[in-house]
Amino acid sequence: MNPLLSPFDTAPFSQIKNEHFKPAFLQSIEDTRAEIDAITENTDTPTFENTIEALEFAGQQLDRISSVFFNLNSAETNEEIQKIAQEISPLLSEFGNDITLNKALFKRVKAVYDQKENLDLTVEQHTLLDKKYKSFSRNGANLSEDKKKRLREIDAKLAKLKLTFGENVLAETNKYQLHLTNEADVEGLPEGEKEAAAQLAISKGKKDGWMITLDYPSYIPFMKYAKNRELRKKLSLAFGSKGFHNDELDNQENVLEIAKLRFERANLLGYKTHAHFVLEERMAETPEKVHEFLNELLDKAKPAAEREFMQLQEFAKKMDAIDRLEKWDGSYYSEKLKQELFNLDDEKLKPYFKLENVINGVFKVAEKLFDLQFKEVEDVDRYHNEVKTYKVFDANNNFISLFYADFHPRAGKRGGAWMTSFKSQWKRNGENVRPHISNVCNFTPSTKSKPSLLTFNEVTTLFHEFGHGLHGMLANTTYPSLSGTSVFWDFVELPSQVLENWCYEKEALELFAKHYETGETIPMELVEKIKESAMFQEGMQTLRQLSFGLLDMSWHGGDPTQISNVKKHEDEAFKNTNLYPETQETCMSTAFSHIFQGGYSSGYYSYKWAEVLDADAFAYFKEKGIFNKVVATKFKDHVLSQGGTENPMVLYKRFRGAEPKVEALLERAGLLK
Ligand SMILES: [Zn+2]
């Protein structure tokens, strides 16, 4: 008996063996296919219920199996699971394509969509209908056969170009080596970094010396600490010219072709530009809005950035008689200046952040804000004995969610921290089915003599992921595909980032930031120092992020067909954000993997967008009290529980009473001086 193929509530980890996965996937793909055939073969007139809702609830067992499997592949994997993933992933994406290319199914979906104004639908049902319809139309379902053919050609070409782009960047990164044999050339590097560089040299087949490469763990420390300016320059130029050498690894043609094909694809589907296509499913909605946002922030952050740059310039002049700061000086002198100004040491903070205290702290914050109670339970099946399980209840003792917490690194766990779910939330046949949410992290584990003590960065990470977790736990929608964190991409970081703000507040820290040996509450001057150092060079950082967002929009927000010179185009896009002198040897676009390889095209702005949202939301809490029940309840009712049931701007305005303003971020970042 395959435990994955009989209905289950909590995932039956202890009964699942690896050999259960593949047959379970194959069987449930077939079951889902049958459910979809039942929709398309229905002879009744298409209705919201017999088509859209039926499609929404098709494949639930497949969803459950997928979440169990892919969550395990991230948190507790092994070679066997990875092998199954390699086999299963193409089958799943093929099955997904079968659905979006299913003409009979689209015909029924369109029939419902075309009469949507005459149907008596709730707001959530409207959103669901829209989402289902667009999952077809945005993939070309409405196009004539020859245009469909062109769309497939473009998609195939784009897939290949993106792959080549990424391979070139990787090859450029791997190809470069700076082998140093004179100890004076690594002067300034901390001992640990020197050791790592020496080891790297050995592993690359050198007898001795130090090896520096363009990989971040090697490149970043060198730029930050190496005293030798000429070598910093050499490395910086190598880093900045990836894919820009007019050789077989050059990406200039790839950049131009990707931008042009994306534009053509958008046109084919009836959109003005690629950015219009992408932003249709974003809170920002239009390229105009994104431009307005980036430029407003630029106007307001630029004076602070210029002040900080002057300060850095003077500091470098005083220290080393540097007359003109170059790109390869920024990181080095910033580090020195930061040391002089703050001298903040993680070791001083860690004793106040024992893991168990921080977990209890985040639970208390959730209790004070949303009346939630977390009860640790032992009777839930788990995939590893380090995983903790909690049942979450509201003030009336109603069961709200199951919560898994898996905090420490293991061999089978990938790096980083994330929130995920084993079961989403939905309502059907009068029942509100509650979700199973999980947080997975890689925090410093305890040792024989010391408990697990978190760095401040780990503390904010825990709050961040728990914020995503609350978005999942408090979900209260009808349809699973609109539930919890299933929201537009530029909205999903609001609940997580906003919760980080509590880590800097006295009232919140007093609840849990107590010395693990003495019980003393963290001194506020330490907290003030953390806050101040978090603001260090915020203006320059902001300008840098904005420059990337503007470059992204310059490629995707207009008609790229006339662009022939990548570097010239880029210089134009950067002209308002430059602080350092321009270098002709370097080019950002040819290695900008986020937008030319990954999924961030027309989306880079969302980093800053999310910060504005969380700063603006938290300003409301600050104004009324960080544990104010009225504000918290509004946040729960209009944001956390609503998932993607409505446009996020509508939800946000209902919570805040107005659209988000950039001022709250400028204020928090100390840019309004
Ligand atoms: Zn996040």
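The values are calculated or read from the model by the stated rules, or taken from the named source; none is laboratory data. Remember, predicted model here, so these are calculated numbers, not experimental data. Here Cβ is always computed from backbone atoms with ideal geometry, including for glycine, and neighbour counts include all displayed protein chains. These area figures cover heavy atoms from the full protein model, side chains too; ligands, DNA and RNA do not enter into them. Shrake-Rupley method; radii C 1.70, N 1.55, O 1.52, S 1.80 Å.
Each residue in the stretch 92-111 was checked for being more than 17 Å from residue 35 (Cβ to Cβ) and at pLDDT 95 or above, and 4 pass. Please enumerate the residues belonging to the stretch 631-662 that are hydrophobic (A, V, I, L, M, F, W, C), more than 29 Å from residue 56 (Cβ to Cβ) and out of contact with any helix residue (DSSP H, G or I) (no Cβ under 7 Å at 6 or more places or on another chain). Across the stretch 631-662, the qualifying residue is only 658. Among the residues making up the stretch 512-567, those that are open to solvent by 40 Å² or more (accessible area, probe 1.4 Å), of a type outside the set (Ser, Thr, Tyr) and touching a Lys or Arg at 6+ places or on another chain (Cβ under 7 Å) are 520, 524, 545.
Name the residues in the stretch 278-310 that are assigned to a helix (DSSP H, G or I) and of a type in the set (Gly, Ala, Ser), would you?
Let us first name the residues in the stretch 278-310 that are assigned to a helix (DSSP H, G or I), namely 278-279, 287-310.
301, 304, 305, listed by residue number.
Among the conditions (1) open to solvent by 20 Å² or more (accessible area, probe 1.4 Å); (2) in contact (Cβ under 8 Å) with a residue 24 or more places away in the chain; (3) outside any helix (DSSP H, G or I), residue 270 misses just one, which is (2). Looking across the stretch 439-480 at every residue that is under 24 Å from residue 348 (Cα atoms), among the small types (Gly, Ala, Ser) and in contact (Cβ under 8 Å) with a residue 12 or more places away in the chain, the one that is farthest from the ligand (Cβ to nearest atom) is identified as 446.
Scanning the stretch 237-267 for residues that are in contact with a helix residue (DSSP H, G or I) (Cβ under 7 Å, 6 or more places away or on another chain), surrounded by fewer than 21 Cβ atoms within 10 Å (Cβ to Cβ) and among the polar types (S, T, N, Q) gives a single hit, 252. The residues of the stretch 108-126 that are surrounded by 14 or more Cβ atoms within 10 Å (Cβ to Cβ) and free of Cβ contacts under 8 Å to residues at least 12 places away in the same chain amount to a single one, 126. A search for C-beta distances below 7 Å between a residue of the stretch 560-579 that is of a type in the set (Asp, Glu) and any residue that is loosely packed, with under 14 Cβ neighbours inside 10 Å and outside any helix (DSSP H, G or I), counting only pairs 6+ apart in sequence or on different chains, returns 571/582. I want to confirm something. Restricting to the stretch 212-236 and keeping residues that are under 26 Å from the mean Cα position of the chain (by Cα) and in a loop (DSSP other than H, G, I, E, B), which single residue is farthest from residue 322 (Cα to Cα)? Filtering first and then ranking leaves 215. Looking across the stretch 385-438 at every residue that is open to solvent by 20 Å² or more (accessible area, probe 1.4 Å) and of a type in the set (Asp, Glu), the one that is farthest from the ligand (Cβ to nearest atom) is identified as 431. For residue 377, the criteria (1) crowded, with 17+ Cβ neighbours inside 10 Å; (2) within 27 Å of residue 640 (Cα to Cα); (3) hydrophobic (A, V, I, L, M, F, W, C) hold in every case but one, which is (1). Here residue 477 fulfils each of the conditions (1) β-branched (Val, Ile, Thr); (2) touching a helix residue (DSSP H, G or I) at 6+ places or on another chain (Cβ under 7 Å); (3) part of a helix (DSSP H, G or I) apart from (3).
Residues in the stretch 333-347 that are within 28 Å of the chain's Cα centre (by Cα) and touching a residue at least 12 places away in the same chain (Cβ under 8 Å): 334, 335, 338, 344, 346. Remark: pairs (first residue in the stretch 495-515, among the β-branched types (Val, Ile, Thr); second residue within 16 Å of the ligand (Cβ to nearest atom); Cβ separation under 8 Å; 6+ apart in sequence or on different chains) = 498/467; 498/613; 498/614; 498/617; 498/618. Of all the criteria given as (1) more than 16 Å from the ligand (Cβ to nearest atom); (2) surrounded by 21 or more Cβ atoms within 10 Å (Cβ to Cβ); (3) more than 30 Å from residue 330 (Cα to Cα); (4) of a type in the set (Val, Ile, Thr), the one not satisfied by residue 485 is (1).
Of the candidates 104, 75, the single residue that is open to solvent by 30 Å² or more (accessible area, probe 1.4 Å), touching a residue at least 24 places away in the same chain (Cβ under 8 Å) and of a type in the set (Gly, Ala, Ser) is 104. So, in the stretch 490-515, of the ones that are in contact with a helix residue (DSSP H, G or I) (Cβ under 6 Å, 6 or more places away or on another chain) and part of a loop (DSSP other than H, G, I, E, B), which residue ends up nearest to the ligand (Cβ to nearest atom)? Of everything passing the filter in the stretch 490-515, 493 is nearest to the ligand (Cβ to nearest atom).
Just the residues that are of a type in the set (S, T, N, Q), part of a helix (DSSP H, G or I) and over 17 Å from residue 571 (Cα atoms), please, taken from the stretch 237-261. Quick ask: steps written out before the conclusion?
First, pick out the residues of the stretch 237-261 that are of a type in the set (S, T, N, Q): 241, 246, 251-252, 254.
Applying the additional criterion that residues be part of a helix (DSSP H, G or I) yields 252, 254.
Scanning the stretch 237-261 gives a single hit, 254.
Going by the structure shown, is residue 651 touching a residue at least 12 places away in the same chain (Cβ under 8 Å), assigned to a helix (DSSP H, G or I) and open to solvent by less than 50 Å² (accessible area, probe 1.4 Å)? In short, yes.
Of the numbered criteria (1) open to solvent by less than 30 Å² (accessible area, probe 1.4 Å); (2) free of Cβ contacts under 8 Å to residues at least 12 places away in the same chain, the one residue 216 fails is (1). Are there any pairs with C-beta distances below 7 angstrom linking a residue in the stretch 355-377 that is free of Cβ contacts under 8 Å to residues at least 40 places away in the same chain to a residue that is surrounded by fewer than 22 Cβ atoms within 10 Å (Cβ to Cβ) and among the charged types (D, E, K, R), with the two at least 6 apart or on different chains, and if so which? From residues that are free of Cβ contacts under 8 Å to residues at least 40 places away in the same chain, the pairs are 371/394; 373/367; 375/391; 376/388; 377/391. On the stretch given as the stretch 172-201, residues that are hydroxyl-bearing (Ser, Thr, Tyr) and either part of a loop (DSSP other than H, G, I, E, B) or more than 27 Å from residue 244 (Cβ to Cβ) (or both) total 2. For the stretch 144-164, the criterion of being open to solvent by 70 Å² or more (accessible area, probe 1.4 Å), in contact (Cβ under 8 Å) with a residue 12 or more places away in the chain and not in a helix (DSSP H, G or I) is satisfied by no residue at all.
Would you mind stating whether residue 533 is free of Cβ contacts under 8 Å to residues at least 40 places away in the same chain, away from the ligand (no atom under 16 Å from the Cβ) and more than 27 Å from residue 419 (Cα to Cα)? Criteria not met by residue 533.
Just one of (1) touching a helix residue (DSSP H, G or I) at 6+ places or on another chain (Cβ under 6 Å); (2) open to solvent by 20 Å² or more (accessible area, probe 1.4 Å) fails for residue 10. It is (1).
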